[in-house]
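See below for the structure under consideration.
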Amino acid sequence: MEPLSSVSDRSLLRTAARSGPGRSAVAAGWQGYAFLTPALFILVAFLLIPTIWVFGISLFKWDFIGDPEFLGLRNFVRLLTEDELFRKAVFQTLYFVVGTVPTGMALSLLLAVLLNARLPGRGLFRALLFSPYVMPVIATTVIWQWIFNPDYGVMNALLNAFQIPGVGWVRSADWIMPAIIIYSLWHFTGYNTVIFLAGLANIPPELEEAAHVDGAGAWSTFWKVTWPLLSPTTYFVLFISMIGSFKVFVQVYQFTLGTGGPDRAAETIGFYLYQEAFQHFRAGYASAISVIFFLIIVVVTGAQMRFASRWVFYR
């Protein structure tokens, strides 16, 4: 007969084998999937399925009411070869991106560096700078329409104070897009500044102090120490700013009152998509615009990721 202690040890080993780390890991995995199920359901129901549906309906002619008529690739052929307004919308979108992304990033970085210094009342300045971002876009665009009013707006009053003739702003085909760009810079610069401030806070201060000890000035320290260490944050800000600028819609709709502006000078891809879908009820053609828009953003994003490794440095 085996000793009692030996039998007890074997039973404990069998119990441990049945409920060992493998089984606990599997149970934990299923628990994780159970917690993820609501989020996955929302993702599939409101993102994946609509995306697949849009790709499918882009091959049809449909006005939301009758039966869809299969067209194949004719929507895409018309869009890319015949639609002058779409080409204008692409150009206007690129105009907006070029006008907002580099200027907004440079302005945000400058403000972040200034607000990162030990200045009196910098907490108040940070709050004031971030406040436009948390304000509703609809409400603030109404205020800025008054500011840009060519007859009695504050912007032309400031120009006249410096002996500069006022311009048409929202009534001019040449100035409607610059007006939207100025508003967008005012609205979104505070958010990017906060991101840059977070990046600056993660840079070890001893590195900059060592540069000062070695005789480097403030400008050299920024370009040789701060800027390279800030490259991951810069890449993130560039990434989100580029995608956000390509998707511009609300500002255009508000400033042009749903018309696209004088001579459609503020027409962007997102606004043109809205018009085709919900004003002209051409669901198939609007879906084709969505697909092309999606591919443009994929190409831009892929190019950013492809060249990021050349200038982004991680500690």
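The values are calculated or read from the model by the stated rules, or taken from the named source; none is laboratory data. All values reported here derive from a predicted model rather than from experimental measurement. Cβ placement follows ideal geometry from the backbone for every residue including glycine, while neighbour counts extend to all protein chains displayed.
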Qualifying positions in the stretch 64-95 - of a type in the set (D, E, K, R), under 16 Å from residue 273 (Cβ atoms) and not in a helix (DSSP H, G or I)
83
Just checking, which of 54, 77, 98 is within 30 Å of residue 193 (Cβ to Cβ), under 30 Å from the mean Cα position of the chain (by Cα) and at pLDDT 90 or above?
98
Helices (runs of 4 or more DSSP H) wholly inside the stretch 118-237 containing at least 1 residues that are within 24 Å of residue 92 (Cβ to Cβ):
122-134, 137-147, 154-161, 176-201
Report whether or not residue 190 is within 18 Å of residue 137 (Cα to Cα), of a type in the set (Gly, Ala, Ser) and either modelled with pLDDT of 90 or more or surrounded by 19 or more Cβ atoms within 10 Å (Cβ to Cβ) (or both).
yes
From the list 106, 112, 117, which one is at pLDDT below 90 and among the small types (Gly, Ala, Ser)?
117
